[in-house]
Amino acid sequence: MKRFFQIVVILMVIGGLLYSAGAQEQPQAQKPAPETEAGSEQAEMPEVVVLGPKIQVENPTHNFGKMAPGSKNKCEFRFKNVGDDVLKIKKVKKTCGCTVPQLSKKEYEPGESGTVKVTYRASKRAGAVSKHLYIQSNDKLNPKVTLTIKGEVAKKINVEPKRLKQILKDENAGCPPITITSLDKKPFSIKKFKSTGNCIFVDFDPTEKAQKFVLEPKVSMAKLRKNPNGRIDIELTHPSTDRVTVNYNLLSRFKVDPPKIIVFNAEPQKPTKKEVWVLNNYGEDFEIESASSEKGIIKILSQEKVDGRYKFELEITPPETKNLRKIFTDELTVRVKDGEKLRVTCRGFYSRKLDTGQAKK
Amino acid sequence: MRLLSWIFVLAVGCLCVLGCCFALFSCSAATMTETAQQDGRQSSSALQPKDSNDSITIFITGNELGAMKPCGCSGGQLGGLDRRTAIFDSVAQTNRLIIDTGSFVETDSSQDLVKFNIIVQALGLLDYDLASLSEKDSEIAESLGMWDQISSVVNVISAYGSDASGRQKSFTKNLPFKDGTIAVTVAALNTEDMPVGEISELFELQDDCKAVNLLIVDDCDSDIISSVAEMGIVDCLICSSGNDEPEVIDDSQEGFLVFSVGQLGKYVSRLRISEVEGELAYDFSAIPVTEDLPQADSLVQLYKSYQQIVKEENLLEQYPRFVLPDGLEYAGSESCRICHWYEYDKWSTKAHAGAYATLEKVGSQYDPECVICHVVGMDYQSGFVSEQETPDLKNVGCENCHGPGLEHNITLGEALTIEPKASCTDCHTPDHSAEYAGNEDVYLEKITHWRQNDSVNNQP
């Protein structure tokens, strides 16, 4: 009987211990997960007196206002330990690479204040900015405080046009003036003007300061033919914008429409028909000498001249795919009688059904 | 007495078993919560039953602007098409709608056109229900004759482009909700083409089921927001451009939510719709696409295809180049060694000297956007063209910071190296070198290759 009661007592102790372990575990499972999503706000504090460390941020949002593209901006977030135990900052986490939090120390006595210093380099893209940082601490009720930095990356210089369309037959390739304007009214000078292959150049006085410049570019036709696509970089002395870029394209003699042949949902050995037109952008009469495919995936079904343009009917037969290769490529080369070669890339993406089929096998 | 004892033992035994079960259940619940947090599927919400019809989830992305995956130049970068599956699959396919609001690329350069095709294919692989083409996307689709092709991969709407292309301006999908269905209609609006007052044309009346109307607008200023709200037709206004991160812009009016989708695919916006006291309730959150999310193999393979196309199209050699002033030319770091052997030897132990190899490791050595920051002088004639043609100009070398050196070499140092000299921030940008801003001194320390007592003369 004595032995029986010993067993009963042992079982009661084990049962009780397991129950209490379960009861301790349960709140942890139901505890709300730390907020890791952008846009979350600082957790609301319940109105109960809590012992332990407690973090209070003076102003969890900092607005930089308007920032120049690429500019470096700094701000500080002040916080205070309003609890009654040592506040330990575990980490200051950021959601993106644009901010660098720096903390001089990690432990704060009750009543002690600290500062999170943030350096933010603005992107070169204009637009609204909203970034988040999180202070992780041993404050049990508010273990992750969200800090937000806001602002707007605003252009300080405007350049027009942003792209030049050059035309071979027009005088000076039809190049329009380039206007550079200071949007913040701060005067600037032009330091340098450079273009791809030096095909576009301009006269300017680097000592002249103004809020607006209208440049009259000159075009070297021979160089432009060698560099039909490129860009112009104009270096400035403006305090927040050191350069502007203008892209240019020369209207080529021939246009291939569409310029690339794209096949989605391709299946091996299942041919697709496509139509490709070749025309002269300058209205000149022309003859096509030959047309051929590099890999034989593109087959020319017919070729005819319609109203001064050439129409090609093509058949694209995707090859068998090895090792679940996702794409196939080929190139159609069209040779014009005066020697100019036009290249038309063909790119095919195999159907995803194929993946499933092969996986099932 | 014996019977009483047995009853007592039985009761204690039951208590013991209950205790065990309770403890085990608690442990497993805790583990599930923790796992959900670790794999990035946002907190406890990821634990909802996958086939529950109590809510529907709409995932929204947009403004990829050519960013298919983070460059990987520094840790902690967000984004990557290949990591989105992990987020989408946290909700059963039948209970979700996935939308991209467009702006796949920024320009119509050769490289961006390649990216355009790859992103369209990626949307198909990721099971997107709908893509709304931006003005630029629409121009590209039209110039490449690709409208039909894109529609064969994913449903397409657009507020731009010609009607001749057969474009649609709205799309509806019915999703199971509670005991019936809910019709989600997504429309795209270009306010220059259609006044806000006419948006009712974009949304059909749903008599027999609940309906949610989403409107995608490019230029979301306060006037447009208030005009759309006044119409009382739209439940959620999606601002497809603007903010760099997804964010609620306005939730001040009941039953009308305005939010942005962010840029560069760093986040996936999630809109969960449920019913609270007979009314539809909207819960918006932005899920970061973090490095610890698993990559989908099909998307990884697609990115490799992109790298292959970039190589085959020879984009590196086609890169437009400026002419160096005054006949200057690059000579390569090796040529500096004869006189500056101390600096050369020091430099060769630093990360800059192995910059090109880091690209080779990830297969990006043919991608101009990456290569430009891992070689000497790619912006200029006589600078890096390819590994075969200009092997001496691989890596971030002497002439990046000190300027082209051929003349300096020929004159045995009499001619000083001059511009163009690159500055650190040309490559250490916020997107590619997250930790650089504010840590400039630490970074300078990493590349110190000059004699400390002669630092003034040797620094660029």
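The values are calculated or read from the model by the stated rules, or taken from the named source; none is laboratory data. Fair warning: this is a prediction, and the values are worked out from it, not measured in the lab. Glycine also receives a Cβ, built like all others from the backbone with ideal geometry; neighbour counts cover every protein chain displayed.
Would you call residue A:93 surrounded by 14 or more Cβ atoms within 10 Å (Cβ to Cβ), assigned to a strand (DSSP E or B) and within 12 Å of another protein chain (Cβ to nearest Cβ)?
Working: surrounded by 14 or more Cβ atoms within 10 Å (Cβ to Cβ): yes; assigned to a strand (DSSP E or B): yes; within 12 Å of another protein chain (Cβ to nearest Cβ): yes.
In short, yes.
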Residue A:270 passes all but one of (1) under 30 Å from residue B:122 (Cα atoms); (2) in contact (Cβ under 8 Å) with a residue 60 or more places away in the chain; (3) in a loop (DSSP other than H, G, I, E, B); which number fails? (2)
For segment A:305-345 the number of residues that are in contact (Cβ under 8 Å) with a residue 60 or more places away in the chain and either at positive phi or among the acidic types (Asp, Glu) (or both) is 1
Can you name the residue in segment A:110-120 that is more than 8 Å from chain B (Cβ to nearest Cβ) and of a type outside the set (Val, Ile, Thr) and is also nearest to residue B:435 (Cα to Cα) among such residues? A:117
In the set A:162, A:94, the lone residue that is closer than 27 Å to residue A:218 by Cα and under 26 Å from the mean Cα position of the chain (by Cα) is A:162
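Looking at B:260, B:274, B:305, can you tell me which residue is touching a strand residue (DSSP E or B) at 6+ places or on another chain (Cβ under 7 Å), over 22 Å from residue B:88 (Cα atoms), surrounded by 15 or more Cβ atoms within 10 Å (Cβ to Cβ) and not aliphatic (A, V, I, L, M)?
On the way: B:260 fails: over 22 Å from residue B:88 (Cα atoms); B:274 fails: over 22 Å from residue B:88 (Cα atoms).
Of the residues listed, the single one that is touching a strand residue (DSSP E or B) at 6+ places or on another chain (Cβ under 7 Å), over 22 Å from residue B:88 (Cα atoms), surrounded by 15 or more Cβ atoms within 10 Å (Cβ to Cβ) and not aliphatic (A, V, I, L, M) is B:305.
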Looking at (1) surrounded by fewer than 16 Cβ atoms within 10 Å (Cβ to Cβ); (2) in the same structural domain as residue B:451 (by TED's automatic domain parsing); (3) assigned to a helix (DSSP H, G or I), which is the only condition residue B:311 fails? (2)
Go through (1) more than 10 Å from chain B (Cβ to nearest Cβ); (2) assigned to a loop (DSSP other than H, G, I, E, B); (3) buried (at least 16 other Cβ atoms within 10 Å of the Cβ) for residue A:123 and report which single condition fails. (1)
Counting only residues in segment A:222-236 that are surrounded by 14 or more Cβ atoms within 10 Å (Cβ to Cβ) and not charged (D, E, K, R), the one nearest to the other protein chains (Cβ to nearest Cβ) is identified as A:230
Any chance residue B:193 is among the acidic types (Asp, Glu), under 28 Å from the mean Cα position of the chain (by Cα) and away from every other protein chain (no Cβ under 14 Å): no
Residue under question is residue B:101, and the condition is that it be β-branched (Val, Ile, Thr) and surrounded by fewer than 22 Cβ atoms within 10 Å (Cβ to Cβ); does it hold? no
